[in-house]
1. About its Cα centre, what dipole magnitude does the chain give when the only charges are +1 on Lys and Arg Cβ and -1 on Asp and Glu Cβ, stated in debye to the nearest 20?
2. In the Gaussian network model of the chain, springs joining C-alpha atoms below 10 Å, which of 62, 14, 128 carries the largest mean-square fluctuation?
3. Nearest 0.05, what FRET efficiency do residue 32 and residue 104 give at R0 = 35 Å with Cβ-Cβ as r?
4. Under 14 Å from a point 7 Å along the Cα-to-Cβ line of residue 72: which residues of segment 19-38 have their amide N that close?
5. Picking from 99, 40, 62, whose Cα lies most toward the positive end of the charge dipole for the chain (charges on Cβ: Lys, Arg +1; Asp, Glu -1)?
6. Once label points are set 7 Å from the Cα along Cα→Cβ at both residue 49 and residue 123, what is their separation, rounded to one decimal in nm?
7. Note the full-extension length gain between residue 39 and residue 8 as 0.36 nm times their separation in residues minus their Cα-Cα distance, in nm to one decimal.
8. Rg (Å, one decimal) plus Dmax (Å, integer) for the alpha carbons of the chain?
Amino acid sequence: MNEVTLSAVKVGDTLPELVVDITPRLIVGAAIATRDYQNVHHDKAGAQALGSPDIFMNILTTNGLVGRYVTDWAGPRARLGKVAIKLGAPNYPGDSMTFRGEVLEVDGDSGRVLLDIKGKNSMGYHVTGSVELTLAQEAAA
């Protein structure tokens with residue numbers, strides 16, 4: 001399992017890319033798990049009746065994927081703080097979203113790190129924003 005310590009991080013570092021396949025199962029399952037029963041997240045005909053070409057991902061799923069992206073990089077001892085995201089292009093089934101990130105700030109005293117996060121699909125940026133987290137000062141024994 002990956003673990004990033006504070007001493008190993010510097011401003012300008014980039015996080016490894018993560019590609020997430022956008023499947024109907026991901027969209028529907030995550031909408032149900034977050035108790036978002038809006039038909040645009042599980043009913044193609046209902047979504048089309050409202051002007052969408054297909055079902056699309058909800059913001060809670062996107063937020064969860066942002067958290068996964070950051071913690072997959074940072075490791076199990078990292079603690080997420082503020083997550084500030086903005087949605088853009090919808091995530092439709094059959095597409096994929098590629099996450100990229102960059103370290104914007106590192107505070108050696110507090111262990112706080114600020115990341116710039118972007119998730120892009122074939123239509124453009126689905127999600128942009130920042131994540132603040134606290135990293136371990138040194139590796140686990």
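Values quoted throughout were computed directly from the atomic coordinates according to the rules given, and no laboratory measurement underlies them. All values reported here derive from a predicted model rather than from experimental measurement. When we count neighbours, we look across all protein chains shown, and the Cβ atoms used for this are built from the backbone with ideal geometry, even at glycine.
1. Details: 13 positive and 16 negative charges, 63 e Å.
It comes to approximately 300 debye.
2. Largest GNM mean-square fluctuation: 14.
3. Values: r = 35 Å, r/R0 = 0.99.
Given R0 = 35 Å and the Cβ-Cβ separation, E is 0.50.
4. So the set is 19-23.
5. Value: 40.
6. Those two pseudo-labels are separated by 2.1 nm.
7. Values: separation 31, 0.36 × 31 = 11.16 nm, distance 4.50 nm.
Answer, rounded to one decimal: 6.7 nm.
8. Considering the chain through its Cα atoms, Rg and Dmax are 16.6, 56 Å.
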